[in-house]
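*Asks:* After the structure tokens below, expect a handful of questions from me.
The values are calculated or read from the model by the stated rules, or taken from the named source; none is laboratory data. Note that the coordinates shown come from a computational prediction; the quantities given were computed from them, not determined experimentally. As a convention, Cβ positions derive from the backbone with ideal geometry for all residues, glycine included, and neighbour counts pool all protein chains shown. Ligands, DNA and RNA are excluded from the accessible area calculation, which covers all protein heavy atoms including side chains. Shrake-Rupley method; radii C 1.70, N 1.55, O 1.52, S 1.80 Å.
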Amino acid sequence: MRQHDVQELNRILFSALETSLVGTSGHDLINRLYHGTTVNQIVCKECKNVSEKQEDFLDLTVTVKNVSGLEDALWNMYVEEEVFDSDNLYHCGTCDRLVKAAKSAKLRKLPPFLTVSLLRFNFDFVKCERYKETSCYTFPLRINLKPFCEQSELDDLEYIYDLFSVIIHKGGCYGGHYHVYIKDVDHLGNWQFQEEKSKPDVNLKDLQNEEEIDDPLMILKTILLQEESNLIPVDQLGQKLLKKIGISWNKKYRKQYGPLRKFLQLHSQTFLLSSDESTVRLLKNSSLQAEPDFQRNDQQIFKTLPSESPGFNGRTSCPHWFDINDSKVQPIKEKDIQQQFQGKESAYMLFYRKSQLQRPPEARGNPRYRVPRHLLSEMDATNIELQTKRAECDSTENNFELHLHLGPHYHFFNGALHPVGSQTESVWDLTFDKRKTLGDLRQSIFQLLEFWEGDMVLSVAKLLPAGLHVYQTLDGDSLTLSEIELADGEDIFVWNGVEVGGIQIPTGSDCEPLLLNVLHLATSSEGEKCQQLIEFPHVFPSNAEVGTVFTSLAIPGGVVLINNTESIGEKNWTTIPKVDLKKTFREQGLRNGSSILIRDSNHDNSWLTKQEKWITSMNEIDWLQVKNLCELESEEEQVKISTTVNTVVFDIRIKAIQELKLMKELAENSCLRPIDRNGKLLCPVPDNYTLKEAGLKMGSSLGLCPGRAPTSSQLFLFFAVGSDVQPGTEMEIIVEETLSVRDCLKIMLEKSGLLGDAWHLRKMDWCYEAGEPLCDEDATLKELTICSGDTLLLIEGKLPPLGFLTVPIWWYQPQHPSGHWKSHQDRRNCTPSQGGIWRAISSQGAPGDAHAEVSLHYLGDIDISEDATLMELKSQAMTLPSFSEFVIPSPAFLRAWTVESKRPSRLLRADQQQLKEYKLGRRTEICLEPLQKEENLG
Ligand SMILES: [Zn+2]
């Protein structure tokens, strides 16, 4: 993730490669390929002694400043001699005196691959800043290094090197971007060359005569030549063609040449379609004009090339260069390299290879040449995986599902189309590529429906509440499905475009069928008392006049009221004035599901209120579910009983017993109990209640349970032992509401199998916790407003006498890492009076901190008068036997908190305040926290 200079990166990369190749046959690969040596020599002019120092290199660094090019730089480095003369003499070790001498450097060993780094980044010592040298620095495609090397016996050809890669830096000295030119030595890449933008200009003349227009190849080529990269999406090509010649491909050429895409495919020597056939490009040699001679140009540009340069005679060896720039790889011409001689974007590293390193002919165009077999198979597997992924991605991207509704399997009635037989017969699902054309789709459907005869019209259809409705017909067979904006999951009606089952069907959005709820209030001959309301759905075309209801429903006439809201109430009905009966349903704002009410004549409006009630109850007729819970061993049966809100519970119970085919005796000894969403059986519903009175919602579940429902003077109660009640584990009891708390407690203890009198009752609150105790044991349940369905909890501990509180006392020791109270046994030799042992209690353990560990230790209950002060409570608590464990000098060193949910909750501050002023409950729990000396509340 770090930004490196590319030279630095090159070295890091080489070193990483070397490290990774240790112990393999390639351990010296980097050395073999890139390592070279230079030698620095100083020759004494007196004794001719040569002092020599050899240096290794992996890349040669050459200066750019004040140098015209690579050869110039090498000349300076390896040909020019530095002479030590006059006042700058050299000390010769042999002569042991200052002498004249000559210093020179030479290349000694040349690596097969020579890397040259250009010193484009320099430091300006005057301005004290880095700068990038942007001056022109040429380098040849081929270089002879012999002049820069030591003399040797090597063949001259050993010194010839060819450029094969150039790293280019674009930007300044503080940042920029690298890309690279690489010669494709083996011709592995697709060097399909694109024309230079300026070249085709001659071809852009407008096509004027008929002859040219008649040649689609010419026109398409012209269009493509005008495109920046000679590349264009196929869809756009069609549009450009239309624009250019004023007539579409389909109208002009399709008959003769077939679809555009096919035409492009057929002329593959001219056009190159992308693999997904979405874009097309003009091939290089298809230019309307002859190509200029590249070779001649190249020769002129690279003047530094030795004239005997091989590889430039004959087209076949034309070097393939690519510009690799992040993910973009483009073919370039060799002569383009010279553009990188200078400027902000210029060559930065050069890579030459010994020209004698000839690649064998079998390597040409063969990317698998000498790649180890295991790597090839790994590569193949990866490629297959990639292709599968691409295909998957392609199909999810481009395939969509169409639902074909086959006309011959439909018939038209009640204003819309409905399938004659089954769904599978009438609707066929078809997965189709949306890049294909409508013509392709039609062909596929023809193949799919072998039976089809005659014309085939494809129309967009929609499933409406009234049924299937047909909209516009699809047109333009050469257009792709995405161009005609078909959506995924679209319904297509396949028909002959005229009739369905002999009936001409209405199409288009104007006449969309509306499914309306019609209420017809007809007064019979016997007068208003026998008004009859009929409710039924009916379909009307949305562009029909409202007045047509009478004719289509065969009603002689009357008044029409409409209601666009979902609820049916008097104020939501609007009478349509007679003049507006000519308006259409749509104009009246009616939608699917809207209601219209028709009555015979304009009576006084009292009917509406009456009728509304009736309609309301009509609409609310619904059902309840009754489960048989009488025989637990048998399978759970259930029945649906239809009811209205006014149905009496008794009727439902009897009906359920009948439908569940249970014994008639159960009628005398069973009850219905609502089942809540957690499956818990609630309090039985009295038989004489209506559903409304019982607060039962439609669709809810009831359990048919053994045992009678409580009478109106009885209470059905849940009860449990302790305050930690698991929902659903409560016991149940039916008691008279005049029962006293004391007697109720007694019955519940009996039922729970508990003994003793150290218990009291509390009512469970809505969050499943024990609430206030039922203190007045002589009061009746009714007086204490205990209701059916309430849960009472049996809690251990006797209630204190009136005016007294029973206070459970807890010991609260905040957890503290360093100092805290321990039992006196632990600190026997360290009494509090000696001081220093009551250290600060950290805020970490503060009771209010919900995350802090809290542990309360129960000490016992104390009974205390409500008139007592908090100080008296603390004193009395200290008399508890279990308190003797702690050493507390006085009650002032205790802090009192109320306890809720087993945590300290409210801090009781004033010691002299009476307990009743704190409004403590009858059994409020208190915890006592030890204080250090300094913290003494007083
Ligand atoms: Zn000497």
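*Asks:* Of all residues being in a helix (DSSP H, G or I) and buried (at least 17 other Cβ atoms within 10 Å of the Cβ) in the range 65-81, which is farthest from the ligand (Cβ to nearest atom)? Just the residue, please.
*Replies:* For the range 65-81, the residue satisfying everything is 70.
*Asks:* Is it fair to say residue 462 is among the basic types (Lys, Arg), within 15 Å of residue 492 (Cβ to Cβ) and at pLDDT 90 or above? Lay out the reasoning, then the answer.
*Replies:* Details: among the basic types (Lys, Arg): yes; within 15 Å of residue 492 (Cβ to Cβ): yes; at pLDDT 90 or above: yes.
When the stated conditions are applied, residue 462 passes them.
*Asks:* While we're on this one: Quick one: would you say residue 118 is modelled with pLDDT of 95 or more, assigned to a strand (DSSP E or B) and either touching a His at 6+ places or on another chain (Cβ under 8 Å) or away from the ligand (no atom under 14 Å from the Cβ) (or both)?
*Replies:* Against the criterion (modelled with pLDDT of 95 or more, assigned to a strand (DSSP E or B) and either touching a His at 6+ places or on another chain (Cβ under 8 Å) or away from the ligand (no atom under 14 Å from the Cβ) (or both)), residue 118 does not qualify.
*Asks:* Related question: Check whether at least one residue in the range 727-749 is open to solvent by less than 40 Å² (accessible area, probe 1.4 Å), at positive phi, under 59 Å from the mean Cα position of the chain (by Cα) and not polar (S, T, N, Q), and report yes or no.
*Replies:* Checking the range 727-749: not a single residue is open to solvent by less than 40 Å² (accessible area, probe 1.4 Å), at positive phi, under 59 Å from the mean Cα position of the chain (by Cα) and not polar (S, T, N, Q).
*Asks:* Only residues that are open to solvent by 80 Å² or more (accessible area, probe 1.4 Å) and either more than 40 Å from the chain's Cα centre (by Cα) or at pLDDT below 85 (or both): list them for the range 415-438, please.
*Replies:* Answer for the range 415-438, where residues must be open to solvent by 80 Å² or more (accessible area, probe 1.4 Å) and either more than 40 Å from the chain's Cα centre (by Cα) or at pLDDT below 85 (or both): 420, 423, 424, 425.
*Asks:* Mind listing just one residue for me: the one in the range 98-110 that is within 16 Å of the ligand (Cβ to nearest atom) and open to solvent by 40 Å² or more (accessible area, probe 1.4 Å) and, of those, farthest from residue 346 (Cα to Cα)?
*Replies:* Among them, the one singled out is 98.
*Asks:* Considering the range 82-97 alone, what residues qualify as being near the ligand (Cβ under 10 Å from one of its atoms) and either aromatic (Phe, Trp, Tyr) or part of a strand (DSSP E or B) (or both)? Give the derivation first.
*Replies:* Just the residues of the range 82-97 that are near the ligand (Cβ under 10 Å from one of its atoms), to begin with: 90-97.
90, 91, 92, 97, listed by residue number.
*Asks:* Given the conditions (1) at positive phi; (2) touching a residue at least 12 places away in the same chain (Cβ under 8 Å), which single one is not true for residue 67?
*Replies:* Single failed check for residue 67: (1).
*Asks:* I've got another one for you. Anything in the range 22-64 that is within 16 Å of the ligand (Cβ to nearest atom), surrounded by 12 or more Cβ atoms within 10 Å (Cβ to Cβ) and assigned to a loop (DSSP other than H, G, I, E, B)? List them, or say none.
*Replies:* Across the range 22-64, the qualifying residues are 45, 46, 47, 49.
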